[in-house]
1. Quick check on region 6-68: what does the Kirkwood estimate of hydrodynamic radius come out to from the alpha carbon pairs, in Å?
2. Between residue 75 and residue 129, how high is the FRET efficiency from 1/(1 + (r/R0)^6) when r is the Cβ-Cβ distance and R₀ = 22 Å? Nearest 0.05.
């Protein structure tokens, strides 16, 4: 299994990133509006709250689609690559962040569903803050998970090795050798 198998195709990366950034932006804007000038600040609901929730819901559908695509290809491939002691040592951190991301996705899907359909009014603030906290944590872990491979994956090791070899080849050496004076 190679790095190419774990790297998401461009269309999948774009769908995933588009959904993730849309969810983060609409969620953060909704929180800011709701608790500053909207219903959470004992005011009437602000029209921007409704728009943010509608866009957040649409982005959630796209995000669930992206999660399904990842669950079909990227997750099983990553799990197979990290089997074995040597590979696990190199990719263990990425596996842990991947499992955490999947767990947070389940929490977000569950709390999102609960907020929309079944949560009683007196529980809504607690479930809402759980949903918001999980969303912010998922954004941070998503960046960590994606950047880890770019910094520690095979392509990064190849680049570092080439830079090291190039520096060694370009070092000036006097005709009598490196220790001639």
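1. Numbers: mean 1/r = 0.0800 Å⁻¹.
After inverting the pairwise mean of 1/r, the radius is 12.5 Å.
2. Values: r = 28 Å, r/R0 = 1.29.
According to the calculation, E is roughly 0.20.
Every read-out reported here was derived from the displayed coordinates using simple, explicitly stated rules and does not represent laboratory data. Predicted model, so just to flag it, every value in this text is computed and none were measured. In this analysis, Cβ positions are derived from the backbone assuming ideal geometry, glycine residues included, and neighbour counts consider all displayed protein chains.
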